[in-house]
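A.B. asks: Before I ask anything, here is the structure I am working with.
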Amino acid sequence: MSMPFYVSPEQFMKDKADYAIKNIARGRALVAVVYGDGILLAAENPSTNLHKISEIYDRIAFGGVGRYSEFDQLRQAGIQHADVKGYQYSREDVDARSLANLYGQFLNQVFTHEMKPYEVEILVAEIGNTVDDDRLFHVLYDGNVADEDDFSVVGKDAEAIADRIQVGFRADWSLVEALKATVAAVGGTDRELKPGDLEVAVLERSKSGRVFRRIEEAELTTLLT
């Protein structure tokens, strides 16, 4: 009688984590940065149809890196959850914290009990009435949720990009300053990203109701020059 193949639980979980991290690191970076009038979300994404950044609810935005089909599934689930909760209770009851926790619970369940983990990391951003009220949540592939201040980076070279943003970060940046600093940080010293290489959106504090707005290539070209 042959012995069953055995892998220790610790090794099995480590292998799954390594698998997820390796595949997520292949994805191009996505950054969320707080600036004076809102929150900027920018991703290196030349595709005009497969969006990494989208609106979830009135004042909440979503960003994902990794396997597109998986984080787009999470995006759709988040929209449905927010719509139902806003309808059953009130629109003010829909917030980024509860949404990030929901994502975290789901990803933890998959990571713990399924053979293959989700190959994704996501950002959930919510704009408040002031800069101090802005919220950024980074949800990892294993369900861990981090509440981050000022900016958050996910995807390839996240640590290096975060270090470059940190050097000159100011909470009172204008949109142009925040955009130029973010694009320079993502490109690094060896690449110059063009408007066509980027997907950019903002949550604008001055607006009421739905505050999410995409910045299209023509406007992006003007802002960067």
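The values are calculated or read from the model by the stated rules, or taken from the named source; none is laboratory data. Just so it is clear, the model here is predicted, and its values are computed rather than measured. Cβ: placed from backbone, ideal geometry, glycine included. Neighbour counts: every protein chain shown.
A.B. asks: Can you work out which of the residues in region 148-180 that are of a type in the set (Gly, Ala, Ser) and under 28 Å from residue 119 (Cα atoms) is surrounded by the fewest Cβ atoms within 10 Å (Cβ to Cβ)?
C.D. replies: By that ranking, first place goes to 160.
A.B. asks: Moving on. Which of the strands (runs of 3 or more DSSP E) contained wholly in region 138-215 include at least 2 residues that are in contact with an Asp or Glu (Cβ under 9 Å, 6 or more places away or on another chain)?
C.D. replies: Once the strands (runs of 3 or more DSSP E) in region 138-215 are filtered for at least 2 residues that are in contact with an Asp or Glu (Cβ under 9 Å, 6 or more places away or on another chain), what remains is 151-154, 198-204, 212-215.
A.B. asks: Here's another thing I want to ask about it. Looking only at residues that are of a type in the set (A, V, I, L, M, F, W, C) and assigned to a loop (DSSP other than H, G, I, E, B) in region 90-137, which one is farthest from residue 10 (Cα to Cα)?
C.D. replies: 127
A.B. asks: Given the condition closer than 30 Å to residue 193 by Cα and not in a helix (DSSP H, G or I), answer yes or no: does some residue in region 71-85 qualify?
C.D. replies: No, the conditions are met nowhere in region 71-85.
A.B. asks: Here's a follow-up. Of all the residues that make up region 124-151, how many are under 16 Å from residue 75 (Cβ atoms) and at pLDDT 95 or above?
C.D. replies: Number satisfying all stated conditions: 6.
A.B. asks: Right, next: Would you be able to say whether some residue in region 98-112 is surrounded by fewer than 18 Cβ atoms within 10 Å (Cβ to Cβ), closer than 21 Å to residue 212 by Cα and not hydrophobic (A, V, I, L, M, F, W, C)?
C.D. replies: The answer is yes; a qualifying residue exists.
A.B. asks: Counting only residues that are acidic (Asp, Glu) and surrounded by fewer than 20 Cβ atoms within 10 Å (Cβ to Cβ), which one in region 119-147 is farthest from residue 209 (Cα to Cα)?
C.D. replies: The selected residue is 142.
A.B. asks: Another question about this same structure. Write out, first by first residue and then by second, each pair whose Cβ atoms fall under 7 Å of each other, whose residues are 6+ apart or on separate chains, and whose first residue, in region 194-221, is in contact (Cβ under 8 Å) with a residue 40 or more places away in the chain and under 19 Å from residue 174 (Cα atoms) while the second is basic (Lys, Arg) and assigned to a strand (DSSP E or B).
C.D. replies: Every condition considered, the pairs that remain are 201/213; 201/214; 202/213; 204/213.
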